[in-house]
1. Using the structure shown, decide if D139 is acidic (D, E), free of Cβ contacts under 8 Å to residues at least 24 places away in the same chain and outside any strand (DSSP E or B).
2. Every residue in the stretch 203-222 that is within 25 Å of the chain's Cα centre (by Cα) and open to solvent by less than 30 Å² (accessible area, probe 1.4 Å), please.
3. Look at the stretch 360-410 and say how many of its residues are more than 19 Å from L436 (Cα to Cα) and open to solvent by less than 40 Å² (accessible area, probe 1.4 Å).
4. Scanning for something within 21 Å of the chain's Cα centre (by Cα) and touching a residue at least 40 places away in the same chain (Cβ under 8 Å), does the stretch 62-83 turn up at least one residue?
5. Need the failing condition index for N177 against (1) touching a helix residue (DSSP H, G or I) at 6+ places or on another chain (Cβ under 9 Å); (2) within 18 Å of S147 (Cα to Cα); (3) open to solvent by less than 30 Å² (accessible area, probe 1.4 Å), just the number.
6. So if I check each of T291, T324, T284, which one is over 23 Å from W90 (Cα atoms) and either among the polar types (S, T, N, Q) or surrounded by fewer than 19 Cβ atoms within 10 Å (Cβ to Cβ) (or both)?
7. Can you tell which of L632, L592 is surrounded by 14 or more Cβ atoms within 10 Å (Cβ to Cβ), more than 27 Å from the chain's Cα centre (by Cα) and over 16 Å from D512 (Cα atoms)?
8. Report, ordered by the first and then the second residue, all pairs with beta carbons closer than 6 Å, sequence separation of six or more or different chains, a first member in the stretch 554-565 that is farther than 12 Å from L519 by Cβ, and a second member that is open to solvent by less than 10 Å² (accessible area, probe 1.4 Å).
Amino acid sequence: MNRSSEPSNASSAPASRPAPVKTYGVREFFRKPERSQFSISPDGRHLSFLGRHQGRLNVFVQAIDPHGALLGDARPLTHETERDLAGHTWKGNDNILFVKDFGGDENFHVLSVPIDGTDPVDLTPFPAVRASIVDDLEDDDRHVLISHNQRDPEVFDVLRVDVVTGASVQIAENPGNVMSWGTDHEGRLRIASASDGVNTTLLYRDNEDEAFRPIVTTNFRESVDPLLFTFDNQRLYVSSNRGRDKAGLFEFDPQTGQEGELVFAHDEVDVSALRYSRLRRVLTHAMYTSTKTFRHFFDAETEALFADLARKLPEQEIHIVSRTRNERRAIVATSGDRTAGAHYLYDADSGELVSLGELKPGIDPADMAAMQPIQFVSRDGLTIHGYLSLPVVREGAAAARGLPLVVNPHGGPWARDHWGFNPEVQLLANRGYAVLQINFRGSTGYGRAFWEASFKQWGKTMQRDIDDGVDWLVGQGIVDPKRVAIYGASYGGYATLAGVAFTPERYAAAIDYVGVSNLFTLLETIPPYWKPMLEMLYEMIGNPEDEAERQAMHDASPVFFADRITTPLLVAQGANDPRVKQSESDQIVEALRSRGVDVEYLLKENEGHGFHNEENQFEFYEAMEAFLAKHLTPQA
């Protein structure tokens, strides 16, 4: 069976009602949910979630009965007070794994906490080490495979770790070029991806007693990305764009190094997500993102499951985020563009749904802006996609014309914006601003040619795509060209600074959040574990050792053109950011202040690449709100 189906999505048309739109406070948008990220134990007897405890999000556990009713009170298993925990996962029925860093430095530790309430065990108790889970070894309740860079800060070895005692045994030493590791369905380490900085080599072995051998090498512009083994552990399923523009899903023979049968591909976008049933050992569906996220089903049982959920939860985007080992119980999450969504406990046998609560119950979706997919043609002929969110207009009001605009380029830059609830966008729309999100050239998912069109184009054609999107809206009369602001984080922060440095007349206000100001210092201060990718970054951004490219990098670095900046600017930065160092923000702020230009600078000593703690988010978005109100004066 090969059927394509769109998940049931929340309606893009806001409900019409005569009451005025409610103005929500910053804290209503950015307050952390009381309960979120629900998960279910493999035996279906307990729920876990992140909940508020001691002022931070911590891991909780609660028993459930065979009918889905919650039993007793939820108990906190962790007691973090410095930073919210970001996520967790079950390890067997008796332990939960979670990760934490310190002050936003992204040196994540992996910890295990028993559900009986005893203390967590740090499985990677080493200073200045970054760790991640390679395989949670679902069939082994006692061990997990973890990679970390204790031996060498630039590369990651693999260890089998006891989640109860923390004892570890190294099972693979990184020779210095392996960027990622992968396992088969029995948890055996059998694939790896190596890089010389530009070329990527897929390594393979038939069993763990053998040495890895290279089976295919591609330039980084092409990809053969292993997703999972076939169920006999003999071949692989890969996402590949070798010899094609859009990545598709293929069977792959590691003995010949060649793609075999095409499993699924899409004409317009890349496909790289493949789902399967571990219990039934079948592929269930592929997922791809165009304007929204869609599913292509391979399995009738899975298609029927999502159809049943769509009937019970109409006008919602539906995701199964956790399942029991027998796949009879699941945690279902819903969302949309105008709602942050809710969680449910689903019983596949009875079809019963038990509500676990909404993420933002105090926000009425009717007050929120619809996120409309848009597209336009750039000045050099590329089709550019994105999203437009307009302030809600009640019945009888005039259509939106001459609105103030906040253009919001995404980070990465090799990432993309997605359809869905975005509290930043909703805050801005709630204040009367139109919000434009642009998947400019280089944004991922649109094929290789569109991605490669961004190489060495920081501040050039990538920036012009943003300008063209603004002009497209102005040309329709939707936007007032004198009241346009630009706001972005990371690369989006760079685009903000580039916008006010290279086209200062275009923007009335600008907000740079952990953004790059100097391409030279960006590349000089990358984290040690990015150094194996440095040659690739030279090809994508520019090589400072090449005279012509060095000049181009200089001309694309806003800090060298700070004397052109006259636009009011707000800068926010985390002192512990390992990717975009504090010096990136310091340089631009100092260059402007030396000229007597007043720059608002919000620096947080306990944050990294973006503010994580709730109180810091409140302060930043309240500063953003006041800053834009001062410089854009939105109409009521």
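The values are calculated or read from the model by the stated rules, or taken from the named source; none is laboratory data. Everything numeric here is computed off the predicted structure, so don't read it as measured data. Positions of Cβ are generated from backbone atoms using ideal geometry, with glycine treated the same way; all protein chains shown enter the neighbour counts. The area values use the complete protein model at the heavy-atom level, side chains included, leaving out ligands, DNA and RNA. Shrake-Rupley method; radii C 1.70, N 1.55, O 1.52, S 1.80 Å.
1. Details: acidic (D, E): yes; free of Cβ contacts under 8 Å to residues at least 24 places away in the same chain: no; outside any strand (DSSP E or B): yes.
In short, no.
2. F220
3. Start the filter on the stretch 360-410 by keeping residues that are more than 19 Å from L436 (Cα to Cα), which leaves 360-366, 380-381, 394-398.
In the following step, the residues that additionally are open to solvent by less than 40 Å² (accessible area, probe 1.4 Å) were identified as 360, 363, 366, 394.
Total meeting the criteria: 4.
4. Residues of the stretch 62-83 that are within 21 Å of the chain's Cα centre (by Cα), as a first pass: 83.
Narrowing further to those that are touching a residue at least 40 places away in the same chain (Cβ under 8 Å): 83.
Looking through the stretch 62-83, at least one residue is within 21 Å of the chain's Cα centre (by Cα) and touching a residue at least 40 places away in the same chain (Cβ under 8 Å).
5. (3) is the only condition that N177 fails.
6. On the way: T324 fails: over 23 Å from W90 (Cα atoms); T284 fails: over 23 Å from W90 (Cα atoms).
Checking each option against the conditions leaves just T291.
7. Working: L592 fails: over 16 Å from D512 (Cα atoms).
The match here is L632.
8. F561/A501; A562/L592; R564/A501; I565/V500; I565/A501
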